[in-house]
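The values are calculated or read from the model by the stated rules, or taken from the named source; none is laboratory data. No experiment lies behind these values; they were computed from the predicted model shown. Backbone-built Cβ (ideal geometry, glycine too); neighbour counts: all protein chains shown.
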Amino acid sequence: MKIIKLDAIDSTNSFLKDMSAKVSLDNFTVVVAKKQTLGRGQMNANWNSEEGKSLTFSVFCKFCNLSITDYKYLNYSVSLSVYEAVNSLKLPRLAIKWPNDILSENKKIAGILIENTLNIKNISSSVIGIGLNVNQNIFSDALPNASSIKNILGKDEDIDLDLLLNKVLVSLKEKLERLNKKEYLSLEKEYLAVLYKKNVPSMFKTNQNILFMGKIIGVSSIGKLQIELENETLKEFDIKEVSFA
């Protein structure tokens, strides 16, 4: 494992993607930045974090035989690795919000962005970006659902960032080894067991601002969120097509 530590960068994902286009990178090359000026989340959303207070890093991973159609299992592996590392700190009501946000006490503490390089029908490599709010105390009013591990635990002292980074990387390596061995069923079982609001009747809102009641029952074969409506019909939604109302 090669870890590159930077003081400041626009985006660790962009940095690694540029590197991989220019040179042959070792598998599991990691780039960590104290500050990101243009951090990115899902669907080009911004990811902002206070300098030196949180973990913002990306990991370059190669795959030998990972089909594009099996992408959801890569997402499971990455989400579970962050969940598992954070869970070691005993956060309350920890869950994975589909597809890969990490929540504690209904507050978002981590986000994941996976960008893939494709080779015909396979994913040849991925840059896995992870933003984890660790010691940050203050968040923008524009992010009312964001919090940090330190805030939720009510700790006075800061949490060791290097120690937590190592926990995530150890867990990620183990999960990706399971992915390479195609242990898909067990990864899915573990993911669904900690999926936020699974089987809980909830109010949802579509991207056309239509409200409806339903409950999350799983994830489809192509990675869409499956919601059972009140009339027991099943609807599937892609990223940003539905949210909790």
**Request:** Could you grab me the full set of residues in segment 227-245 that are at pLDDT 95 or above, β-branched (Val, Ile, Thr) and assigned to a loop (DSSP other than H, G, I, E, B)?
**Result:** Thr233
**Request:** Could you tell me whether segment 194-217 includes any residue that is in contact with a Lys or Arg (Cβ under 7 Å, 6 or more places away or on another chain) and part of a helix (DSSP H, G or I)?
**Result:** no
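Identify, please: which residue in segment 88-100 is closer than 18 Å to Glu188 by Cβ and of a type outside the set (A, V, I, L, M, F, W, C) and is, among those, surrounded by the fewest Cβ atoms within 10 Å (Cβ to Cβ)?
Of segment 88-100, the ones closer than 18 Å to Glu188 by Cβ are 95-100.
Filter once more, keeping what is of a type outside the set (A, V, I, L, M, F, W, C): 97, 99-100.
On the way: Lys97: 18, Pro99: 21, Asn100: 22.
Per the stated criteria, the residue is Lys97.
From the list Glu50, Glu84, pick out the single residue that is touching a residue at least 12 places away in the same chain (Cβ under 8 Å), acidic (Asp, Glu), part of a helix (DSSP H, G or I) and within 25 Å of Asp158 (Cα to Cα). Full working, then the answer.
Numbers: Glu50 fails: part of a helix (DSSP H, G or I).
Just one listed residue meets the conditions, Glu84.
Kindly indicate which of Phe204, Phe244 is among the aromatic types (Phe, Trp, Tyr) and surrounded by fewer than 16 Cβ atoms within 10 Å (Cβ to Cβ). Steps first, please.
Working: Phe204 fails: surrounded by fewer than 16 Cβ atoms within 10 Å (Cβ to Cβ).
Matching residue, one of Phe204, Phe244: Phe244.
For Ala146, state whether it is among the aliphatic types (A, V, I, L, M), crowded, with 16+ Cβ neighbours inside 10 Å, at negative phi and free of Cβ contacts under 8 Å to residues at least 60 places away in the same chain.
yes
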**Message:** On the basis of being crowded, with 16+ Cβ neighbours inside 10 Å and at negative phi, does Ile222 make the cut?
**Reply:** no
**Prompt:** Looking only at segment 16-54, which residues are modelled with pLDDT of 95 or more and of a type in the set (Phe, Trp, Tyr)?
**Reply:** Phe28
**Request:** Among what's in segment 149-188 and is of a type in the set (Asp, Glu) and surrounded by 13 or more Cβ atoms within 10 Å (Cβ to Cβ), pick the residue that is farthest from Lys35 (Cα to Cα).
**Result:** Glu183
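Kindly indicate whether any position in segment 57-65 is within 28 Å of Asn145 (Cα to Cα), of a type outside the set (Asp, Glu) and either in a helix (DSSP H, G or I) or modelled with pLDDT under 95 (or both).
Step one: of segment 57-65, the residues within 28 Å of Asn145 (Cα to Cα) are 57-59.
Still in the running and of a type outside the set (Asp, Glu): 57-59.
So of that shortlist, the ones also either in a helix (DSSP H, G or I) or modelled with pLDDT under 95 (or both) come out as none.
The answer is no, given that none of the residues of segment 57-65 is within 28 Å of Asn145 (Cα to Cα), of a type outside the set (Asp, Glu) and either in a helix (DSSP H, G or I) or modelled with pLDDT under 95 (or both).
Can you find, within segment 132-147, the residue that is farthest from Gly111 (Cα to Cα) among those that are modelled with pLDDT under 85 and not small (Gly, Ala, Ser)? Spell out how you get there, then give the answer.
Step one: of segment 132-147, the residues modelled with pLDDT under 85 are 140-144.
Adding the requirement that they be not small (Gly, Ala, Ser) leaves 141, 143-144.
Working: Asp141: 18, Leu143: 13, Pro144: 15 Å.
The residue in question is Asp141.
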**Asked** Just one of Val127, Val134 is under 20 Å from Asn166 (Cα atoms), surrounded by 22 or more Cβ atoms within 10 Å (Cβ to Cβ) and over 13 Å from the mean Cα position of the chain (by Cα); which is it?
**Response** Val134
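Quick one: would you say Tyr83 is over 20 Å from Ser243 (Cα atoms) and of a type outside the set (S, T, N, Q)? Reasoning before the result, please.
Working: over 20 Å from Ser243 (Cα atoms): yes; of a type outside the set (S, T, N, Q): yes.
Judged against the criteria, Tyr83 is a match.
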**Request:** Write out, first by first residue and then by second, each pair whose Cβ atoms fall under 6 Å of each other, whose residues are 6+ apart or on separate chains, and whose first residue, in segment 183-194, is at pLDDT 95 or above while the second is not in a helix (DSSP H, G or I).
**Result:** Val194/Ala95; Val194/Ile96
**Request:** Find the strands (runs of 3 or more DSSP E) located wholly in segment 87-188 whose residues include 1 or more that are polar (S, T, N, Q) and either in contact with an Asp or Glu (Cβ under 6 Å, 6 or more places away or on another chain) or under 26 Å from Leu16 (Cβ atoms) (or both), and list them.
**Result:** 107-119, 122-132
**Message:** Being farther than 22 Å from Ser202 by Cβ, β-branched (Val, Ile, Thr) and either under 17 Å from the mean Cα position of the chain (by Cα) or modelled with pLDDT under 95 (or both) is true for just one of Ile120, Ile96, Ile102. Which residue is that?
**Reply:** Ile120
